[in-house]
Amino acid sequence: MADHNILGKDGEKIALEMLQNKGYKILETNWRFKRDEIDIIAIDNDELVIVEVKTRSTDFFGDPEDAVDEAKMHRLVNAANEYIEQNNMELECRYDIISVIINNKTSDVRHIKDAFFPS
């Protein structure tokens, strides 16, 4: 596995553990619909939470969450709509980003709730 794939999996593991420690109920990880993927699907209180995890080894080129562009948001919303339909869910839906920077010197994890709203 390429180094960037390993880094991404490590970031997803950190994000998953953080959400579990906050009391989130994890429903799915790496859920796929066609070509789209949702990193983590969880429930927080009475909200369905769609989580995109972005992991980098440095913030030299910007914060990891900056990589979630309009196209990625659109794909997440489409995949979330399909998940909701397939599972006949009637919960409010929230879109979060977990930003992870992991390197030899430090690690930084930020949970950005309501990171974006579907347009």
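Computed from Cα atoms, the angle from the helix 3-21 axis to the main principal axis of the chain rounds to 60 degrees. Residue-wise HN-Hα couplings along the range 114-119, as the Karplus relation 6.51 cos²θ - 1.76 cosθ + 1.60 with θ = phi - 60° gives them from phi, are 6, 5, 7, 10, x, 9 Hz; Gly and Pro carry x. Overall dimensions of the range 67-119, expressed as equivalent-ellipsoid semi-axes from the Cα gyration tensor (√(5λ), whole Å, largest first), are 27, 12, 10. According to the Cα-based calculation, Rg over Rh for the chain is 0.96, with Rh computed by the Kirkwood formula. Counting only other residues whose beta carbon sits under 9 Å from that of Ile98, what net charge do I get with K and R as +1, D and E as -1? Once positives and negatives cancel, what remains is -3.
3J(HN,Hα) along the range 42-52: 9, 10, 10, 6, 10, 10, 7, 10, 9, 10, 9 Hz, from the Karplus curve 6.51 cos²θ - 1.76 cosθ + 1.60 with θ = phi - 60°, whole Hz, x for Gly and Pro. Between amide H atoms placed 1.01 Å from N, distances below 5 Å from Arg94 occur with Leu48, Val49, Ile50, all of them 5 or more places distant or on a separate chain.
Taking 18 Å as the limit for the C-alpha separation, the pairs Lys13/Lys54; Lys9/Lys34; Lys22/Lys72; Lys34/Lys54; Lys9/Lys113; Lys34/Lys72 exceed it in the case of Lys9/Lys34; Lys22/Lys72; Lys34/Lys54; Lys9/Lys113. Per-residue ellipticity at 222 nm for the chain, helices alone: DSSP H runs ≥ 4 residues times -39500 (n - 2.57), over residue total, nearest 500 deg cm²/dmol? Mean residue ellipticity at 222 nm (helix-derived): -10000 deg cm²/dmol. Within the range 44-100, the chymotrypsin sites (Phe, Trp or Tyr not before Pro) that combine a DSSP coil assignment with at most 11 other C-beta atoms in a 10 angstrom radius are Phe60, Phe61.
For the range 1-85, the list of trypsin sites (Lys or Arg not before Pro) that fall in a loop by DSSP and count at most 15 other C-beta atoms within 10 angstrom reads Lys22, Lys34, Arg35.
Any read-out appearing in this document is the output of simple, stated calculations on the displayed coordinates, not a laboratory observation. None of these values were measured; they are calculated from a predicted model. Using ideal geometry, Cβ is built from the backbone for each residue, glycine included, and neighbour counts are taken over all protein chains shown.
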